[in-house]
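The structure under discussion is supplied below as structure tokens; questions concerning it will follow.
The values are calculated or read from the model by the stated rules, or taken from the named source; none is laboratory data. Keep in mind it's a predicted model, so treat the numbers as computed, not measured. Positions of Cβ are generated from backbone atoms using ideal geometry, with glycine treated the same way; all protein chains shown enter the neighbour counts. Each accessible area value is taken on the protein alone, full model and side chains, heavy atoms only, with ligands, DNA and RNA left out. Shrake-Rupley method; radii C 1.70, N 1.55, O 1.52, S 1.80 Å.
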Amino acid sequence: MSNKLSIIKNGLINENPTFVLLLGMCPTIGTTTSALNGMSMGLATMFVLICSNAVISALDRFIPDKVHIPGYVIIIAAFVTILQLCMEAYTPDLYATLGLFIPLIVVNCIVLGRAEAFAAKHGIMDSACDGIGIGLGFTVALTLMGAVRELLGTGKIFSLTIFPEDFGMLSFILAPGGFIVLGFLIAIVHHIQNSKKQ
């Protein structure tokens, strides 16, 4: 049990895909205009990570080495399609907001990278835990980025007004503001990690 927790903690903190590994920058900048959008994109990616990691771990010995990457992509694409259809049916507004970024999970380097680096070499439960950890790390990072951008840009967090929108800075809702917030958050995370090592 402690091994499973350490795998989850590793993905959440030590190998956080956004703040440490710097993977998946396209959805990180594109979907974090609000905390809700960031959290939703993170949870969608986590669903695909958990399911694809478990299935790839179970089927890896049956997939020939010459076609293992296309095989992984097909498995990932199957779960993304399930997710896309469910979101389109039950949360159409959210699906319309996230738009193109949902199908792009198929080629997200976080998902394919974890399939190659972890799921193909470990058991089903460990691979699922890795999906949980990396997915949680990605979700926390996107939610935090979305919250900061939404607060500075509109004066709200999760659509709750903190200060009047007139005082918000539009640039934080746009892509340049995303890069600025990301840079500061990466610097803060690295500072915290380095201070713990000393």
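Tell me, please, whether a residue that is over 15 Å from residue 31 (Cβ atoms), polar (S, T, N, Q), open to solvent by 30 Å² or more (accessible area, probe 1.4 Å) and out of contact with any Asp or Glu (no Cβ under 9 Å at 6 or more places or on another chain) can be found in region 164-171. Steps first, answer last, please.
Pass one, region 164-171, residues over 15 Å from residue 31 (Cβ atoms): 164-171.
After this cut, where a residue has to be polar (S, T, N, Q) as well, the list is 171.
Next cut, open to solvent by 30 Å² or more (accessible area, probe 1.4 Å) only: 171.
Subsequent filtering for residues that are out of contact with any Asp or Glu (no Cβ under 9 Å at 6 or more places or on another chain) retains 171.
Yes, that holds for at least one residue.
Oh, and also: Looking at (1) modelled with pLDDT of 95 or more; (2) open to solvent by less than 60 Å² (accessible area, probe 1.4 Å), which is the only condition residue 17 fails?
Against the list (1) modelled with pLDDT of 95 or more; (2) open to solvent by less than 60 Å² (accessible area, probe 1.4 Å), residue 17 comes up short only on (1).
Looking at region 26-45, can you tell me whether even one residue there is within 15 Å of the chain's Cα centre (by Cα) and closer than 18 Å to residue 122 by Cα? Before you say what the answer is, go through the steps one by one.
First pass over region 26-45, keeping only residues within 15 Å of the chain's Cα centre (by Cα): 26-45.
Narrowing further to those that are closer than 18 Å to residue 122 by Cα: none.
No - not one qualifying residue is present in region 26-45.
Regarding region 98-105, can at least one residue be identified that is surrounded by fewer than 17 Cβ atoms within 10 Å (Cβ to Cβ), at pLDDT below 90 and within 14 Å of the chain's Cα centre (by Cα)?
No, that holds for no residue.
Scan 42, 38 and give me the residue that is assigned to a helix (DSSP H, G or I), farther than 20 Å from residue 130 by Cα and in contact (Cβ under 8 Å) with a residue 12 or more places away in the chain. Break it down stepwise before answering.
Details: 42 fails: farther than 20 Å from residue 130 by Cα.
Criteria check complete, one pass: 38.
Here is a further query. Residues being among the polar types (S, T, N, Q) and closer than 21 Å to residue 77 by Cα: count how many of those fall in region 115-162.
Step one: filter region 115-162 for residues among the polar types (S, T, N, Q), giving 127, 139, 143, 154, 159, 161.
Subsequent filtering for residues that are closer than 21 Å to residue 77 by Cα retains 127, 139.
The qualifying residues number 2.
The rows are residues; the columns are (1) under 19 Å from residue 87 (Cα atoms); (2) out of contact with any strand residue (DSSP E or B) (no Cβ under 7 Å at 6 or more places or on another chain); (3) at pLDDT 90 or above.
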site: 5; (1), (2), (3): no, yes, no
site: 9; (1), (2), (3): no, yes, no
site: 24; (1), (2), (3): no, yes, no
site: 28; (1), (2), (3): no, yes, yes
site: 36; (1), (2), (3): yes, yes, yes
site: 49; (1), (2), (3): yes, yes, yes
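Answer yes or no as to whether residue 153 is within 30 Å of residue 50 (Cα to Cα) and either part of a helix (DSSP H, G or I) or open to solvent by less than 30 Å² (accessible area, probe 1.4 Å) (or both).
Details: within 30 Å of residue 50 (Cα to Cα): no; either part of a helix (DSSP H, G or I) or open to solvent by less than 30 Å² (accessible area, probe 1.4 Å) (or both): yes.
Taking the combined requirement at face value, the residue does not satisfy it.
Here's the yes/no breakdown for (1) crowded, with 17+ Cβ neighbours inside 10 Å; (2) farther than 26 Å from residue 93 by Cβ; (3) touching a His at 6+ places or on another chain (Cβ under 9 Å):
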| residue | (1), (2), (3) |
| --- | --- |
| 30 | yes, no, no |
| 37 | yes, no, no |
| 42 | yes, no, no |
| 45 | yes, no, no |
| 48 | yes, no, no |
| 59 | no, yes, no |
| 63 | yes, yes, no |
| 68 | no, yes, no |
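Only residues in region 104-127 that are without any contact (Cβ under 8 Å) to a residue 40 or more places away in the chain count as the first member; pair them with residues that are hydrophobic (A, V, I, L, M, F, W, C) and assigned to a helix (DSSP H, G or I), Cβ under 6 angstrom, at least 6 apart or cross-chain, and list the lot.
106/76; 106/77; 106/80
Next question. One residue is enough: does region 109-118 have a residue meeting the conditions touching an Asp or Glu at 6+ places or on another chain (Cβ under 7 Å), assigned to a loop (DSSP other than H, G, I, E, B), over 17 Å from residue 43 (Cα atoms) and open to solvent by less than 80 Å² (accessible area, probe 1.4 Å)?
Keep residues of region 109-118 that are touching an Asp or Glu at 6+ places or on another chain (Cβ under 7 Å), which gives 114, 118.
From the residues that got through so far, the ones that are assigned to a loop (DSSP other than H, G, I, E, B) too are 118.
Okay, now just the ones that are also over 17 Å from residue 43 (Cα atoms), so 118.
Applying the additional criterion that residues be open to solvent by less than 80 Å² (accessible area, probe 1.4 Å) yields 118.
Yes, the conditions are met somewhere in region 109-118.
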